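Heads up, the thing below is written out as structure tokens.
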Amino acid sequence: MSNESNKKDNTFSKPVAVIAFISMIFAIAWLSVQLVSFVPGAFSSLASLAESINQRAVPTEEMEAEEIIIASSKSIITAGEFTSLSWDASNVDGSYMFSYDCADGVSLNIIDNNGNARGVSCDTSYDIGNTTNLTLETSSEKNRYENIYYDIELIGTENNHTYGRGGSSYTVVNSTISHDDEETEPESEQTEDTPEPEVAVDPEPSTPAVSVEEPEYQTPIIDAVKRTDLATQFIASGNIISNVFVPGQIERRDSGAIQFAVKNLGLKTSNVWTYAVTLPSGETYRSGGQDPLGPSERAVITVGFPTPNTGSHAFQVMTYENTDENSLNDGFVETVLFSN
């Protein structure tokens with residue numbers, strides 16, 4: 001009797017087990033479908049995040065070079081003085097390269113964090129790592145005034161592609177060299193077919209005489225949507241003799257004058273601009289609107305004034321243009337001596 005009972009139980013339990021097993025498989029499949037349909041957004045977000053990280057870590061050569069905006073601690077320095085450059089960091093994995101244009105008698109040193117000087121040659125690119133600041137020591141042995149033009153590029157580590165590029169300039173002054181000792185005469189805007197500009201001296205001491213020469217046109221540059229950068233640089237001081245500016249020592253018996261240049265270092269034509277000059281009389285002469293300057297275009301300004309009785313005067317010159325994005329080179333201060 002017991003054997004028959006056991007056989008009946010086994011016969012009944014086998015179909016039940018098979019049915020239970022099949023039901024469990026269907027239940028697992030149903031739960032899987034529900035799980036996937038419930039969290040597809042999570043899988044999609046994770047995939048997007050991974051793709052974003054990969055794109056950020058591995059820049060492609062198709063990326064255009066961005067403009068590096070460089071700030072300088074000083075736009076005018078004396079020979080042997082330090083100037084500091086700084087710029088914003090980039091998210092591209094790469095190194096910055098520094099170079100500067102050759103100029104007669106000019107040499108540069110890069111100063112590291114320990115104060116050590118490293119000499120760098122002109123027209124040569126130097127790897128300065130991924131730093132965002134640079135300290136330079138500048139020497140000039142030939143001319144009293146010299147412009148230093150420099151460039152900084154960001155080069156990708158993996159593919160040597162240029163991802164950023166920028167440049168600017170500053171002026172180095174060697175006060176031990178007089179204007180007469182310079183090997184080169186001050187730049188002249190005249191040609192054989194262009195007469196020397198005449199400067200009419202106002203007899204009233206309170207009003208300076210002003211002469212604006214025609215802008216100098218250099219190699220044309222496409223007027224892209226970039227920036228305007230008007231740089232102001234002292235050229236020379238001198239006298240106005242027979243209504244003509246003559247560089248040299250200012251004599252008290254003659255009418256004095258200073259001459260300076262305003263050049264657009266940017267890649268965008270400027271708006272109308274103005275300038276202001278502090279005079280030995282204590283007054284400030286403010287100009288009217290000047291014609292816009294295109295890229296690499298320069299205007300030379302001559303400002304005349306009655307010779308004062310003082311022995312010297314610190315002329316402060318500033319230019320103003322409402323789209324100029326670099327205010328560090330908008331002006332200068334130059335002390336001029338007056339002889340008896």
Subset tally (residues that are of a type outside the set (A, V, I, L, M), surrounded by fewer than 14 Cβ atoms within 10 Å (Cβ to Cβ) and either outside the structural domain of Ile177 (by TED's automatic domain parsing) or closer than 24 Å to Gly164 by Cβ (or both)) for segment 75-91: 3
Checklist (1) of a type outside the set (Val, Ile, Thr); (2) under 18 Å from Ser169 (Cβ atoms); (3) not in a strand (DSSP E or B) applied to Pro308, failing item: (2)
Some residue of segment 266-275 being without any contact (Cβ under 8 Å) to a residue 40 or more places away in the chain, at negative phi and not aliphatic (A, V, I, L, M): no
Candidate set: segment 251-272, residues that are under 26 Å from the mean Cα position of the chain (by Cα) and over 25 Å from Ile68 (Cβ atoms); chosen: the one surrounded by the fewest Cβ atoms within 10 Å (Cβ to Cβ): Val272
Counted residues, segment 89-109 - those being modelled with pLDDT of 85 or more and within 18 Å of the chain's Cα centre (by Cα): 7
Number of positions in segment 106-163 that are under 30 Å from Asn91 (Cβ atoms) and among the hydroxyl-bearing types (Ser, Thr, Tyr): 11
Residue match in segment 142-154 (condition: assigned to a strand (DSSP E or B) and farther than 24 Å from Asn264 by Cβ): yes
Any pair with Cβ under 8 angstrom, 6 or more apart, that starts in segment 114-135 at a residue that is under 19 Å from Tyr170 (Cα atoms) and ends at one that is surrounded by fewer than 12 Cβ atoms within 10 Å (Cβ to Cβ) and modelled with pLDDT of 90 or more: Cys122/Cys102; Asp123/Cys102
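The values are calculated or read from the model by the stated rules, or taken from the named source; none is laboratory data. These numbers come from a predicted model, not from an experiment. Neighbour counts run over all protein chains shown; Cβ positions are idealised from the backbone, glycine included.
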